[in-house]
1. Please enumerate the residues belonging to region 38-58 that are closer than 13 Å to Val93 by Cβ and either among the hydrophobic types (A, V, I, L, M, F, W, C) or touching a Phe, Trp or Tyr at 6+ places or on another chain (Cβ under 9 Å) (or both).
2. From Leu49, Leu19, Leu15, Leu41, which residue is more than 18 Å from Val77 (Cα to Cα), modelled with pLDDT of 80 or more and either out of contact with any Cys (no Cβ under 8 Å at 6 or more places or on another chain) or of a type in the set (Phe, Trp, Tyr) (or both)?
3. Which residue is nearest to Gly18 (Cα to Cα), if the candidates are limited to region 42-94 and must be more than 12 Å from the chain's Cα centre (by Cα) and of a type in the set (Gly, Ala, Ser)?
4. Does Trp89 satisfy being within 26 Å of Arg5 (Cα to Cα) and at pLDDT below 90?
5. Just to confirm my filter: which strands (runs of 3 or more DSSP E) fall fully inside the chain and include at least 2 residues that are at positive phi?
6. Can you find a residue in region 50-66 that is free of Cβ contacts under 8 Å to residues at least 40 places away in the same chain, of a type in the set (A, V, I, L, M, F, W, C) and exposed (fewer than 10 other Cβ atoms within 10 Å of the Cβ)?
7. For the subset of region 67-76 comprising residues that are more than 16 Å from Arg5 (Cα to Cα) and touching a strand residue (DSSP E or B) at 6+ places or on another chain (Cβ under 8 Å), which member is surrounded by the most Cβ atoms within 10 Å (Cβ to Cβ)?
8. Would you mind stating whether Ser13 is hydroxyl-bearing (Ser, Thr, Tyr) and surrounded by 12 or more Cβ atoms within 10 Å (Cβ to Cβ)?
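The values are calculated or read from the model by the stated rules, or taken from the named source; none is laboratory data. These numbers come from a predicted model, not from an experiment. FYI the Cβ positions are ideal-geometry reconstructions off the backbone, even for glycines, and counts take in every protein chain you see.
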Amino acid sequence: MRAQRIAEVLPLSPLQEGLLFHEMYEEHPTGAYVVQLVFSLEGELDGALLRRSVEALLRRHPHLSAFIWFRDEGTPVQVVPRDVVVDWWECEVG
């Protein structure tokens, strides 16, 4: 990630530190604290509008795109990217 693409670099909150500790403590991390959502919709859907809505949500609340990065000396920090490209794909079933 290039520096001009970063909006903020922040220290971890106590909750983030705790979640990171538990994730790294596990011999075989499960990603239990990472939530991904896959869902199916039925009926008419404007996929382009839904994608623009997700992108607008992330522009309005950029901290939803934050991730943890380890500095060279090993200190974890929260990085908030300036712009987020949403991984998006659509498929038709049936």
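1. Val38, Phe39, Leu41, Leu45
2. Going through Leu49, Leu19, Leu15, Leu41 in turn, just one is more than 18 Å from Val77 (Cα to Cα), modelled with pLDDT of 80 or more and either out of contact with any Cys (no Cβ under 8 Å at 6 or more places or on another chain) or of a type in the set (Phe, Trp, Tyr) (or both): Leu49.
3. Here the residue is Gly74.
4. Taking the combined requirement at face value, the residue satisfies it.
5. So the answer is none; nothing clears 2.
6. No: zero hits.
7. Among those that are more than 16 Å from Arg5 (Cα to Cα) and touching a strand residue (DSSP E or B) at 6+ places or on another chain (Cβ under 8 Å), it is Pro76.
8. no
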